[in-house]
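Novice: Dropping a structure here in structure tokens format, bear with me for questions.
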Amino acid sequence: MLSAFAAYTIEKKTKINEGEVPFGQGNIRGVAAPESANNAASQTSFIPLLTLGIPPNAVMALMVGAMTIHNIQPGPQVMTSNPELFWGLIASMWLGNAMLIILNLPLIGIWIKLLSVPYRWLFPAIVLFCAIGVYSTNNNTWDIWMVAMFGVIGYTFIKLGMEPAPLLLGFILGPMMEENLRRAMLLSRGDWSVFVTRPLSASLLAVALLLLIIVTLPSIKSKREEAFVED
């Protein structure tokens with residue numbers, strides 16, 4: 001999801017060639033770039049999962065849960081302890097790409113016709129399916145009201161010109177950070193100095209602080225504000 005937002009933002013900021021359709025009016029780059037980034041991120045997200053045992057997003061977190069249920073510990077040892085799982089995932093990626101080619105080439109006409117559906121019809125249908133999906137999870141009507149409230153909040157953010165990508169990043173990584181913070185506190189018996197006394201954690205905190213300082217510099221800040229101005 002984040003990769004798609006980043007790819008769309010970059011494409012939107014690049015120069016439009018002469019005779020090219022503007023963004024928001026059917027420019028193919030606004031579709032090709034996010035989809036390419038999304039497909040690439042779907043497969044590369046397995047790299048931190050299988051090498052470090054760290055899920056980079058919510059979907060990979062579900063994969064960790066599924067592996068744990070089957071007594072499989074994600075990490076570098078999974079390649080030697082469960083080679084059939086590792087190579088099975090590699091083979092499934094190749095098969096998935098082949099199936100996409102087989103399905104998309106004959107059905108491309110149908111997918112294009114979906115683009116001709118007026119937005120005033122498409123938007124209520126999307127909201128309806130979202131409400132059905134949310135209600136079917138817990139069979140609770142309060143979840144539908146929560147969707148409506150967050151929809152209003154999201155609409156307000158769009159009107160204020162706020163980017164959705166940082167919010168999604170915080171939504172995905174926030175629970176993971178809280179869980180690992182509690183784990184670190186349990187291992188250190190509540191000693192907060194463990195984050196600055198250990199070389200690895202201290203180095204990561206120093207790099208994060210340095211990046212924060214760089215981003216807040218006036219010259220960098222002005223360039224970022226210029227880059228995120230809507231055309």
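The values are calculated or read from the model by the stated rules, or taken from the named source; none is laboratory data. Just so it is clear, the structure is predicted and the values come from calculations on it, not from any experiment. Here the Cβ positions follow ideal geometry from the backbone for every residue, glycine too, while neighbour counts run over all protein chains shown.
Novice: What about Pro48, is it outside the structural domain of Met177 (by TED's automatic domain parsing), in a loop (DSSP other than H, G, I, E, B) and within 26 Å of Ser3 (Cα to Cα)?
Specialist: no
Novice: Taking the conditions exactly as written (polar (S, T, N, Q) and in a helix (DSSP H, G or I)), does Asn17 satisfy them or not?
Specialist: no
Novice: Those residues that are more than 16 Å from Phe129 (Cα to Cα), more than 19 Å from the chain's Cα centre (by Cα) and not in a loop (DSSP other than H, G, I, E, B), I need them from the range 144-163; list them, please.
Specialist: Listed by number, the residues that qualify are Met149, Val152, Ile153, Tyr155, Thr156, Lys159.
Novice: Mind listing whichever residues of the range 72-118 are surrounded by 11 or more Cβ atoms within 10 Å (Cβ to Cβ), among the small types (Gly, Ala, Ser) and part of a loop (DSSP other than H, G, I, E, B)?
Specialist: Gly75
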